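Here is the structure we will look at, set down as structure tokens.
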Amino acid sequence: MKLRTFSQLLLSAFVVLSLASSCVKEGPMGPAGADGEDGADGADGSVTCLDCHSGTNMAQKNAEFVMSEHSVGAIAVEYAGGRASCARCHSHEGFVQFATLGSVAGDITNPSAWKCSTCHGLHSTFEATDYALRMKDPVVPIAAANGVMDMGGNNNLCATCHQSRSAEPGTEKPGETYTLGARTYPHYSAQSNILYGNGFGEIPGSVAYPAKGSSPHFSQASCIGCHMAPFTKEKAFTSTAMVSRGGHSYIPSVSACNACHDGADVTDYNYGGIQSDTHAKLDLLRDKLLALGVITETTVDGEVSYSPKAGVTVPMVQAQAVYNYFGIKYDRSYGVHNPKYVKALLTNTLEALNE
């Protein structure tokens, strides 16, 4: 009997397997199976991106935006755009960093003015309602004593910058006296505090202060509703010329005023004489503060300006009066944002100084 080699065994196995496979044949095709159920239709396609990003729409928004003070580099950048303490509102880079990180990490090397991507960040849903604003949560004020302010959704982005940077004297340093600083005022644009009715020197007097958030321009209108109404041409206030307002120019639209004021045919912002009354009371308050020696008057190239008299220690009510005067003046709506609150502030402040 001979022993087979390993290679012979492998060859034999291969031959057996080859013969076995050559004998397998495919049978006839069976009957066709039943059709499956139709699936649900998919969602219709869309061109949502073009709601905003069409050439016509973007060109229109840019044309509106160049009318806005937000697009002016001199305001945003030259004065304070690079300083870490100011950049969150005075430059594009600072605002984006604050919106992303919650703070500005340091001075901005090459700051620039605001642009589309300052307010509008990355999209979140890519649907028509996705405006992709960087911030819309309730605002935690810089002057913490003022409490959280919820201006309502997208309006909170405006309030992020348009708010007081310092608490009023009676809240900041309670006491009978207060030493004035060069900036004893809220800052230049504390519109959200006026609108919400919060954070000014609420000196007691004959006029009651309205509840917080009760101004019609807060509860019924909004920052966006008034300042970003549809872009349109309207009659100028002092001539027959036509001017453009609304949209991304942020210039308040008189058409928006009439839409809320039941067809009252508002022709300017001085509805019901609120601006005239505020101007008159501010002038009285200014003259009183000058007479008390707590503010100073300066004239440069024919332009008169006023500032707190830094370093002077005054009774608390006078310090609050200084704060209220400059805060209402720098709000620049002259009472329109919150007529009842501004009237109470000015009336009660004047009464207190005249005692």
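Each reported figure results from applying straightforward, stated rules to the coordinates on display, with no laboratory input. Note that the structure is predicted; figures quoted are calculated from it, not measured. In this analysis, Cβ positions are derived from the backbone assuming ideal geometry, glycine residues included, and neighbour counts consider all displayed protein chains.
General remarks:
- Given charges at beta-carbon only (K, R positive; D, E negative), |dipole| of the chain in Debye: 980 debye
- If R0 is taken as 25 Å, the Cβ-Cβ distance between Ser112 and Lys61 corresponds to a FRET efficiency of 0.85.
- Selection of trypsin sites (Lys or Arg not before Pro), region 293-337, meeting DSSP coil and at most 15 other Cβ within 10 Å: Arg332
- Approximating the spin labels as points 7 Å out from Cα along Cα→Cβ, the Val300-to-Ala74 distance works out to 1.3 nm.
- Relative contact order of the chain, taken over Cα pairs closer than 8 Å and 6 or more residues apart, is 15 percent.
- Longest segment of the chain lacking chymotrypsin sites (Phe, Trp or Tyr not before Pro) that sit in a DSSP loop with at most 11 other Cβ atoms within 10 Å: 127-355
- Against the chain, whose longest principal axis is taken from its Cα atoms, helix 55-65 shows a tilt of about 20°.
- Our helix-only sum for the chain, with -39,500 (n - 2.57) per DSSP H run of n ≥ 4 divided by its residues, gives a mean residue ellipticity at 222 nm of -10500 deg cm²/dmol.
- Viscosity 0.890 mPa s, temperature 25 °C, Stokes-Einstein D of the chain from Kirkwood C-alpha radius, µm²/s: 99 µm²/s
- Loop-located GluC sites (Glu not before Pro) in region 134-235 (DSSP state other than H, G, I, E, B) with a sparse environment of at most 10 neighbouring Cβ atoms within 10 Å: Glu176.
- Neighbourhood net charge (13 Å Cβ-Cβ; Lys/Arg +1, Asp/Glu -1) for Val266: -2
- ³J(HN,Hα), Karplus 6.51/-1.76/1.60, whole Hz, each residue of region 348-355, x for Gly, Pro: 5, 5, 4, 4, 5, 6, 8, 6
- Couplings 3J(HN,Hα) of region 188-195, computed from phi: 8, 8, 8, 4, 5, 5, 5, 4 Hz, in residue order, whole Hz [Karplus 6.51 cos²θ - 1.76 cosθ + 1.60, θ = phi - 60°; x for Gly and Pro].
- Listed by Cβ neighbour count within 10 Å, with the fewest neighbours leading, Leu290, Leu346 appear as Leu290, Leu346.
- Label-point separation in nm, Leu292 to Asp150, each point 7 Å along Cα→Cβ: 3.7 nm
- Between the residues Ser112, Ala80, Cys52, the greatest Cα displacement towards the positive end of the dipole of region 48-134, with unit charges on the Cβ of Lys, Arg, Asp and Glu, is found for Ala80.
- Using a cutoff of 8 angstrom between alpha carbon atoms and counting only pairs six or more residues apart, the relative contact order for region 48-134 works out to 25 percent.
- Over 25 Å (Cα to Cα) - which of Lys288/Lys343; Lys173/Lys329; Lys212/Lys235; Lys233/Lys281; Lys136/Lys340 fall in this group: Lys212/Lys235; Lys233/Lys281; Lys136/Lys340
- If you take all other residues with their beta carbon under 15 Å from the beta carbon of Pro210, and give Lys and Arg +1 and Asp and Glu -1, the sum is +2.
- Radius 14 Å from Cβ of Val304, net charge of other residues (Lys, Arg +1; Asp, Glu -1): -3
- Ranking Asn193, Val139, Thr238 by how far each Cα lies toward the positive end of the dipole of region 105-262 (charges on Cβ) leaves Thr238 at the top.
- Long-range HN-HN contacts of Met67 with modeled amide H, under 5 Å: none
- Likely footprinting exposure, Lys233, Lys340, fewest C-beta neighbours within 10 Å first: Lys233, Lys340
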